[in-house]
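Colleague: To start, I am sharing the structure in question, which I have written as structure tokens.
The values are calculated or read from the model by the stated rules, or taken from the named source; none is laboratory data. This one's a predicted model, so the numbers in the text were calculated from it and none came from an experiment. For neighbour counting, all protein chains shown are included, and Cβ atoms are generated from backbone atoms with ideal geometry for every residue, glycine included.
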Amino acid sequence: MTIVLAGGSGFLGRALHRHFSASGHLVRTLTRSPRPGVDTDVHWQPNGDSGSWAAALTDADIVVNLAGQGIGDKRWTEARKQALRTSRLLPTRSLARALAGAPVRRRTFITSSAVGYYGPHGDESVTEQTLPGDDFLSLLCVDWEAEAQAAASATTSVAQVRTGLVLHPRGGALEAMLPPFRLGLGGPMGSGRQFMSWIHLDDWLALMAWIARRGQNAGVGGAWNATAPRPVTNAEFTRTLGRVLHRPAVLPVPGVALRLLLGEVAQLLLTGARVLPEVAERGGFHFTFVELEHALEDLLGR
């Protein structure tokens with residue numbers, strides 16, 4: 001297959017590029033900073049419109065959109081919130097418009113979203129049928145998905161992949177957690193009762209590839225929760241991580257301290273949802289890592 005990847009410079013984008021390339025697919029990357037001499041890098045400046053870069057989509061079977069600045073990287077000032085919106089909505093709009101003008105052929109547009117779509121839900125089970133929340137991140141995800149859906153047509157299926165916490169020791173949230181936990185300074189955040197909907201990186205990559213293959217034979221349009229079938233509470237996550245590392249994990253981080261330190265971003269750590277991958281499981285996708293302890297032992301070499 002010929003695959004075009006937007007947002008390929010981040011943790012997940014780099015991993016997905018390697019995964020598709022290792023499987024023998026041709027992968028073109030839309031990037032603001034093409035590497036000299038790399039003819040599969042295509043320069044683009046996504047501003048909400050199509051452009052000359054759209055020629056890269058002409059023979060594409062799969063287009064994957066992972067573009068967007070890190071949600072939890074900085075405090076959510078009004079300027080930061082606008083930057084988070086712009087970094088997601090404009091690239092997605094550009095891709096949708098480019099796909100609308102591309103030669104007609106069967107394609108799958110796999111676009112990133114997040115389980116933040118659902119907002120906080122306590123211990124209630126959340127599936128793809130659950131309605132969105134009404135906080136900043138939920139509304140951002142709703143608008144993000146709407147931009148992508150504009151690309152849907154008789155020949156283009158749009159798959160909205162709502163990704164949870166992707167686990168790997170060299171990227172994402174787990175990488176940030178490891179130093180304090182290895183020093184025995186880890187512990188639950190706030191009440192610890194909030195759910196963490198996680199997924200092993202290998203399962204996330206496999207699910208993305210599975211959706212891509214399936215899209216060549218049948219429609220894959222709609223939402224897909226990219227989370228393991230057994231989410232855990234924050235307290236269970238910290239106990240399990242401590243056990244795998246053979247370190248204590250009993251030092252709680254008070255919610256008030258997180259709010260003072262991080263501002264509104266703290267809600268990402270102090271609230272959550274018990275998100276289940278109903279569509280993937282019903283479709284026959286097999287998760288290798290269902291239990292958190294199995295996943296962490298695999299990732300951390302214990």
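Colleague: Do we have Thr288 as surrounded by fewer than 20 Cβ atoms within 10 Å (Cβ to Cβ), assigned to a helix (DSSP H, G or I), modelled with pLDDT of 95 or more and out of contact with any Lys or Arg (no Cβ under 7 Å at 6 or more places or on another chain) here?
Modeller: In short, no.
Colleague: Say we look at region 273-285 and pick out the residues that are on the phi < 0 side of the Ramachandran plot and in a loop (DSSP other than H, G, I, E, B); which of these is surrounded by the fewest Cβ atoms within 10 Å (Cβ to Cβ)?
Modeller: Once the filter is applied, the top-ranked residue is Phe285.
Colleague: Residue check: is Ala154 free of Cβ contacts under 8 Å to residues at least 12 places away in the same chain and part of a helix (DSSP H, G or I)?
Modeller: Taking the combined requirement at face value, the residue does not satisfy it.
Colleague: From the list Leu84, Leu89, Leu16, Leu12, pick out the single residue that is within 20 Å of Asp203 (Cα to Cα), surrounded by fewer than 23 Cβ atoms within 10 Å (Cβ to Cβ) and modelled with pLDDT of 95 or more.
Modeller: None of the other options fit; the residue is Leu12.
Colleague: Within region 48-70, how many residues turn out to be more than 19 Å from the chain's Cα centre (by Cα) and hydrophobic (A, V, I, L, M, F, W, C)?
Modeller: 6
Colleague: Within the set of pairs 6+ apart or on separate chains, which have a first residue in region 116-145 that is within 12 Å of Thr271 (Cβ to Cβ) and touching a residue at least 12 places away in the same chain (Cβ under 8 Å), a second that is in a loop (DSSP other than H, G, I, E, B) and of a type in the set (D, E, K, R), and C-beta atoms under 7 Å apart?
Modeller: Gly119/Asp134; Gly119/Asp135
Colleague: Another question, then. Please pick out the residue among Ala67, Ala102 that is surrounded by 20 or more Cβ atoms within 10 Å (Cβ to Cβ), touching a residue at least 60 places away in the same chain (Cβ under 8 Å), touching a helix residue (DSSP H, G or I) at 6+ places or on another chain (Cβ under 8 Å) and among the small types (Gly, Ala, Ser).
Modeller: Of Ala67, Ala102, the one residue that is surrounded by 20 or more Cβ atoms within 10 Å (Cβ to Cβ), touching a residue at least 60 places away in the same chain (Cβ under 8 Å), touching a helix residue (DSSP H, G or I) at 6+ places or on another chain (Cβ under 8 Å) and among the small types (Gly, Ala, Ser) is Ala67.
Colleague: How many residues does region 71-95 contain that are under 16 Å from the mean Cα position of the chain (by Cα) and of a type in the set (A, V, I, L, M)?
Modeller: Within region 71-95, residues that are under 16 Å from the mean Cα position of the chain (by Cα) and of a type in the set (A, V, I, L, M) number 3.
Colleague: Do you know which residues across region 291-302 are buried (at least 20 other Cβ atoms within 10 Å of the Cβ) and over 16 Å from Gly186 (Cβ atoms)?
Modeller: Ala295
Colleague: If you don't mind, there's one more thing I want to ask. Here's a check for you: in region 117-126, which residue that is exposed (fewer than 15 other Cβ atoms within 10 Å of the Cβ) and modelled with pLDDT of 95 or more is nearest to the chain's Cα centre (by Cα)?
Modeller: It comes out as Ser125.
Colleague: Now for a separate question. I need every pair where a residue in region 1-28 that is of a type in the set (Lys, Arg) has its Cβ under 6 Å from the Cβ of a residue that is crowded, with 16+ Cβ neighbours inside 10 Å and assigned to a strand (DSSP E or B), sequence separation at least 6 or different chains.
Modeller: Arg28/Val4; Arg28/Val42
Colleague: Could you tell me how many of the residues in region 34-50 are without any contact (Cβ under 8 Å) to a residue 12 or more places away in the chain and not basic (Lys, Arg)?
Modeller: Residues that pass the stated criteria total 5.
One line per residue, one yes/no per condition, for (1) of a type in the set (S, T, N, Q); (2) under 23 Å from Phe136 (Cα atoms):
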residue: Ala6; (1), (2): no, no
residue: Leu30; (1), (2): no, no
residue: Ser50; (1), (2): yes, no
residue: Leu57; (1), (2): no, no
residue: Gln69; (1), (2): yes, yes
residue: Ala79; (1), (2): no, yes
residue: Gly101; (1), (2): no, no
residue: Thr111; (1), (2): yes, yes
